[in-house]
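A quick write-up on the structure given underneath.
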Amino acid sequence: MRRTLRFKLTFSYAALALLLVALLSLFVNVLFQSRFKDYVIKGQQQKNQSIVGSVANQFNADGGWNGRNIENIGVGALEQGIILKVVDQSGATVWDATEHNNGLCVQMLAHMADNMKSHYPGFKGGYTQVSFPVKNGTKTVGIARLGYYGPYYFTDNDLLFLGSLNTILVTVGVAALIAALLLGLMMSRKISAPLSEAVLATSEISNGSYHRRLSVKKGTKEITELAGSVNHLAESLSRQEELRKRMASDMAHELRTPLTNLQSSLEAMIDGVWEVNAGQLQSCHDEILRINRLVGRLENLERVEAENAVLSLTEYEFSELVNRLVGSFEPEFAKKGVSLTFQGDYVRINADQDKISQVVINLLSNSLKYTPVGGKVEVMLKDTGKEAELVVKDSGIGIPEQDQPSIFERLYRADQSRSSETGGSGLGLAIVKAIVISHGGRIGVKSAPGQGSTFTVILPKESRSS
Ligand code: ADP
């Protein structure tokens, strides 16, 4: 059965609280009681010693006993639960508690037995008698017999003390259980509420409501991260959706022109308006080739990401590669009247040389494409320690802010009207990004319309083949 987070969390808190209290009562009832028993037995032995000592002091130098004091000692012992009998050397009784007050002795022993049996039903105890010699110096002058309930017994106070410990434990247990339940409910509400919200939001997003966002409140780190990821997911889905629509309309638009040309040419020939000759057929053929190229581009899109994920890594000097590529672009830049400069650190990187060349080429050709006559393009390469940073900065037309997050998407063109002039396919930056990501790097852009664009590629010096 699938339980809710609230149930699981509350249940675990409560179980933990109960376990702790159970362990504590086990400790108190087993370990503590056994120590307490030892303590009581030791106490009994001390009492015995002290009574025997007091009795010995009542033997007079003239050979007689101080009977009055022995009676006081015997009554005091009785009050402590001990039945005292003192006999002299000849065996004659000096003092006997049972003779003094037999009823009290019997009643006292019965009470002790009741006490122990009521708390420990299986307790094996009974009347115990121990005899001690009573000495005057080194000479034995009599025997003190001490009888009590043994091997040990708990007085009313002892039992009260043990009982109150268990009452405390039960109180603590109940309080801990209530606290655990409250805490569990509180914590689970804190965790499960945003999770339920995330579940709701993701199901709305999966149903196409890409505008849905989660509030990223400050709280549990993972929950905040989850909310951030869900929002990011919604954003990129909505961008993809937009792109898909835009791509469909782009393609329709680009296909329509050659198709319409083809249709009207063929109709003109069928109607006899145009003569069917090699020239007319050639122009129809050209249109078909154009359509074919467009379809080829569509196919290309699918290959881009798959191809760029596989890397063939070699170690090489990055600045040499960039320098060579910049050199190969110089004639084109010069022809257009755009200045091109390169300045860079020596950085050795372990990367796929062909793919990284593709990155540089795409960035350079974009900067050439989107920088008007008289502009300038600067290429810089920096060694930042563990990474290499390539910057391509142009003084071109720039990219509107709202387009910046999308330019790395496949088929995206910031401005529809420029695409026809520049002949771009909207694939260049998507390829660049796929290559950079597959090397474990990152790419970013800073741009403002009319003020140029700066593309920054950061590559780890040691890429790992995925
Ligand atoms: P394209 O083949 O259309 O140039 P890209 O993927 O290379 O496709 O670029 C996507 C879009 O980003 C371009 O259509 C263009 O609008 C914009 N862009 C890319 N590079 C630059 C740049 N250096 N200056 C201005 N706009 C740029």
**OP:** Express the accessible area of the chain per residue in Å², computed with a 1.4 Å probe while the remaining protein chains stay in the model.
**Re:** 58 Å²
Original post:
When we measure straight from the Cα of Lys336, which lysines land under 21 angstrom away, once same-chain ones fewer than 8 places off are left out?
Top reply: Lys369, Lys376, Lys393
Original post:
Setting aside same-chain residues fewer than 8 positions from Lys190, which lysines have a Cα under 16 Å from its Cα?
Top reply: Lys8, Lys217, Lys218, Lys221
Original post:
So how exposed is Ser196, as accessible area in Å² (1.4 Å probe, rounded to 10)?
Top reply: 70 Å²
Subject >> Extension gain from Ser12 to Val310, taking 0.36 nm per residue of separation minus the Cα-Cα distance >> reply: 102.6 nm
Subject >> Angstrom value of the Kirkwood radius, inverse mean 1/r, which spans all Cα pairs in the stretch 100-203 >> reply: 19.6 Å
Original post:
Nearest 0.05, what FRET efficiency do Leu200 and Asp403 give at R0 = 45 Å with Cβ-Cβ as r?
Top reply: 0.90
**OP:** Just read off the accessible area of Val199 with the full protein assembly in place, 1.4 Å probe, to the nearest 10 Å².
**Re:** 100 Å²
Original post:
Given a cut-off of under 8 Å on Cα pairs at least six residues apart, what relative contact order in percent is computed for the chain?
Top reply: 11 percent
**OP:** Starting from the stretch 1-85, pick out the trypsin sites (Lys or Arg not before Pro) whose DSSP state is loop and whose Cβ has at most 10 other Cβ atoms within 10 Å.
**Re:** Arg2, Arg3
**OP:** Can you check what the Kirkwood hydrodynamic radius comes to for the chain, Cα pairs only, in Å to one decimal?
**Re:** 32.8 Å
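Please list Thr384, Thr128, Thr10 from largest to smallest accessible area, probe radius 1.4 Å, with all protein chains kept in place.
Final ranking, largest accessible area leading: Thr384, Thr128, Thr10.
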**OP:** Please provide three numbers in whole Å: the alpha-carbon extents of the stretch 424-463 along the principal axes, with the largest listed first.
**Re:** 37, 22, 8
Original post:
By a straight-distance test (C-alpha under 19 Å), which aspartates and glutamates pair with Lys117 as possible cross-link partners, with residues fewer than eight away in the same chain excluded?
Top reply: Asp38, Asp156, Asp158
**OP:** Mean Kyte-Doolittle of at least 0.5 plus a Cα span of 20 Å or more along the axis: flag which DSSP H helices in the chain meet both, please.
**Re:** 5-26, 156-206
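How do Trp65, Trp274, Trp95 rank by accessible surface area computed with a 1.4 Å probe, from largest to smallest?
Trp274, Trp65, Trp95
The values are calculated or read from the model by the stated rules, or taken from the named source; none is laboratory data. Computed from a predicted model, the values in this text were never measured in an experiment. Note that we place each Cβ from the backbone using ideal geometry, even for glycine, and neighbour counts take in every protein chain shown. Ligands, DNA and RNA are excluded from the accessible area calculation, which covers all protein heavy atoms including side chains. Shrake-Rupley method; radii C 1.70, N 1.55, O 1.52, S 1.80 Å.
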